[in-house]
Amino acid sequence: MTGDSNKEGNTRAGEGESGGAASAPRTMKFALALLGGVFLAGVVLQSMLSGPGGVSRRATVLAGLAGFLGVMLAGLSKPWRRFLSSIQFAAPALFVLAGFSVLGTLILQNVGGQQLLQGYGPGLSRLIKGLFLDDIFHSLGFAAVLGLGAGALGLVVARRRRYNLRTTGSVLAHGGLILVLAGAGVGMVWGVKGRIDLHEGQETDSLVVPGRDGLINRLPLGFTLRLDDFRIEKYEPDYSLMVYALAGEKQKRLLSFKPGRDPDRKLAAHGLAVTGWWPDYRRRTVVEAAGDAGGGDVLAAARIDRGGKETWLFDEPGREAQAVEVDGKRLLLVWREERARRYLDSLAKMPASPHLLVVDGRELPARPGEEVPLPGGRGRVKILRFFHDFVMDPQTRQPANRSAEPRNPAVEVSISAAGGQESRRWLFARYPDFHGRGAGDELKLSYRYRPGGASRPDAILVGESRRLWSLDAGKLSARAAVKVGGEFTLGRERLRLAALLRPARRRTVEESAGSREVNPLLRVRLPSGRTVDVRPGKPVRYSRDRFLVLAPGKGETVRDYLSTVTVLEEGRPVRERQLVEVNSPLSHGGFSIYQADYRPEDPTYSGFQVVRDPGLYVVYLGFAANLLGVVLAIWGPRWQRRRRRREGGEA
Amino acid sequence: MSHLAEALTLVSVALYGLAALLYALMWLGNSRPLRLGAPLALGGGLLVNLAQLVSRWLEADQPPFKTLYESLVLLAACIGIVYLVIELVYRARILGLPAMLGAAGAMLYAFSRHDKEIVNLPPALQSGWFVPHVVVYFFGYAALFVAFCAAVLYLIRPRPIRIRREDLIPGEKIDLEKLLDGSVRFGFVLLTFGLLVGAVWAKAAWGDYWVWDPKETWSLVTWLVFAAYLHLHYLGGWRGQRLAVLVVVGFAAVMFTYLGMNLLPTAEQSAHVYQ
């Protein structure tokens, strides 16, 4: 830096103070040394104070305060005041702060020693640890340097000056930064930051604050917070077909194709073609008349209307008739009267229930809800629930039936042991060993399912003679004529026999249940000519380096996380059903409550960040002062010149 | 993305490119068609660019500033607008060529991107602060880009440009330093505003106004570098070459903040990294 330029700068600045012009580079070097020294002093202090959990936030703030007060004390001497409020100190300080900030993004922050060792090797990681650069922004050294800077800002603000827009701007800009740092310090010392975890219906009157050393403190809120409900709002998924190329470990998306909207030629460029698109795919069986009966056994079908809903009954050659349940009553279609009679005879010989619990090789027929004594006086067992095709619904996390067929029969049973203990378990007909024996449980229990005729029907529709046979405990109790188009009663429900078909034909139709993308399926013809079905979550690899994915086309699927909460004081609700969502916290009793967490596997859970920050408004005041100051300092002189010119012109 | 949008991108690339060519021709010789044609091509490119922004905003029913592709389209528009304002205020066309190359480059990069599809906004971005935060920052980036162009020109030709200077800046001596300084001051005000708006927004969204997220930290670094510029220029009397070098360094920090976050080891936890 030359003396001339310095002089010019000072003249323009109009604030007249700076270090000696000729010794400027030396002064800057001294400033750098001072900043470095203060940082190292902070490092030394931290290594003396530091426990396994690092230093406390209070210590960090105290280090900053020490830096600030140190500068203020030094400022009592005029040469030091001049130096610390000069550009020769300001410029190095700005670069040093920038340098520390860059380091904080280059060095992994707040990771374990092992990860540092892996990332940087033994020598470098020891240096990083030694200088506390692995949590640089909370280190005493950095805080002390910040405090030093804040002190220098204070000296700049306190300087005597002639006030104009520019100097006022300078005071506001620098003073604003002091306020920001002071407010942040207040927040660190007297602020509270913790979390609240609640499930729907739960309430709490405290927040959890993670302490150092992994200890957890509970602090009182001063009120009670109840989570009324939590829901996740989702975007329409808007599925698109993505074509990906594999290149080594990386995947590159070549194409995103929106079925039904994008032109087919987009896909054709990759040798692909869409042959079918169903936003809400389902397969449905359509039954229709199949012309002449001809000889021999053929499929017979009856359509029953139940208040607008249609149900089909089938009598299939070579298979046991499948019953349909109406109001708890079971109805069968048997076409030939003679076969119906034989069926009735066989019923008498079958066990009363399709559910058989097997204990020590003995079959115990059991009906859901009925208690069955266990052999040997070992207590009782009861079927609580039955699923003919058991599956865990991934969305509701509840058991459900996957299909109408008895593919995976399962029962949940409760066992009351002779000693009075109750236990529950699931039994699967197809997996007799699964859950057959609980841990520490001597009872070996398995389950057999005997479908079809074993469950006694309550009525048989005899197609040939158009009669409805009513049964009571498997025995014929009444016969009544039914007409096609006529009505009959089963249980408490009125049914209409809409059609009787023989021979009938079943046809499977693929269709979309609606236009919303609930269960999308895209059928694609591959370059090889083979056709594949692409569904969400099931990528299809069709060549060495290409695969197809049907995925939400717009990335993010969650629109919002919404918690409805109620604030209670002394047991009485004071703020009822308030919405807390991202970007919209709830403030009460000095705390701000932020929507912060959710768990996909636990849909009734919601996590909140809870913050009390007494320094916040000081920080905001600092922001406003800084912004206003920057604008005034930068554009003020221009405005003043323009005004002077205008006034001069007018004069 | 629709074919219309792709076509619009290419049209604006072509128009910005044409403007760059016309501004380049002005270096060789001036004529009325060039003086009229260059800003017209710029204006045309800008209109198409803005039309693309607006149509995407309407189509997506959300501010189109989420993906890198979208931000590049915004950046190109900001460069066009900032340059146009600088040409009008300083009556200087000397930065027309680099500024238009920058705008065309941004659009061309946008065109080559694979993230052109509209994506849904995550909950945190659905905030009234989103638009001012992003728009202010990108106008700031554009201003600092123009300052960077002036700095590079200054470093190539530190002496006042004599060749047909009347063509490039009618009636006035070209003062690159003045151009550079004006752009930096404008850019710095916007950086300050963007930084503070971001802090206030973060407080509303997460409860912390500052968490040392890498992008946050780097935007502080750029702010500190340009604060150092202002101090060194106005108080330290820095002029000329070293000031230009400082602007180049500052703009490099801006570009790293914008595009380089993926390269950082600490980027994983950032809320700001483009995919």
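Just a few scattered comments:
- Counting DSSP beta bridges with both ends in the protein assembly as shown, the antiparallel % (nearest 5): 95
- Computed lengthening from A:Phe223 to A:Glu576, 0.36 nm per intervening residue step minus Cα-Cα distance: 125.8 nm
- Separation of alpha-carbon centers, the stretch A:367-439 and the stretch A:520-567, rounded to whole Å: 35
- Calculated FRET value between B:Ser55 and B:Leu88, using beta carbons and R₀ = 30 Å, to 0.05: 0.65
- Semi-axes of the equivalent ellipsoid for the stretch B:3-269, Cα gyration tensor, largest first, Å: 31, 25, 14
- Ignoring aspartates and glutamates fewer than eight residues from A:Lys78 along the same chain, the ones with Cα atoms less than 12 angstrom from its Cα are A:Glu17.
- Near-label residues of the stretch A:538-556 by backbone N, under 16 Å of a point 7 Å along Cα→Cβ of A:Lys266: A:548-555
- Alpha-carbon centroids, the stretch A:206-227 and the stretch B:218-247: separation in whole Å: 46
- Two-site label geometry, A:Arg467 and A:Glu510: point separation in nm, points 7 Å out along Cα→Cβ: 4.6
- Largest GNM mean-square fluctuation among B:Thr257, B:Thr217, B:Thr192, using chain B with Cα springs under 10 Å: B:Thr217.
- Computed from Cα atoms, the angle from the helix A:140-158 axis to the main principal axis of chain A rounds to 50 degrees.
- Crossing angle, helix B:68-90 versus chain B [Cα axis fit, 0-90 degrees, rounded to tens]: 30
- For chain A, the equivalent ellipsoid built from the Cα gyration tensor has semi-axes of 79, 33, 25 Å, listed from largest to smallest.
- Inter-label distance, nm, simple model (7 Å from Cα along the C-beta direction), A:Lys252/B:Val245: 3.9
- Label-point separation, A:Trp80 to B:Ser31 (7 Å along Cα→Cβ), nm: 7.1
- Zero-based 10 Å bins, Cα pair distances in the stretch B:1-138, whole percents: 13, 42, 29, 13, 3, 0
- Extension reserve of the A:Thr285-A:Lys444 stretch, reckoned as 0.36 nm per residue once the Cα distance is removed: 53.1 nm
- Between 0 and 90°, nearest 10: helix A:24-49 axis offset from chain A longest Cα axis: 50
Each reported figure results from applying straightforward, stated rules to the coordinates on display, with no laboratory input. Since we're looking at a predicted model, the values are computed, not measured. Positions of Cβ are generated from backbone atoms using ideal geometry, with glycine treated the same way; all protein chains shown enter the neighbour counts.
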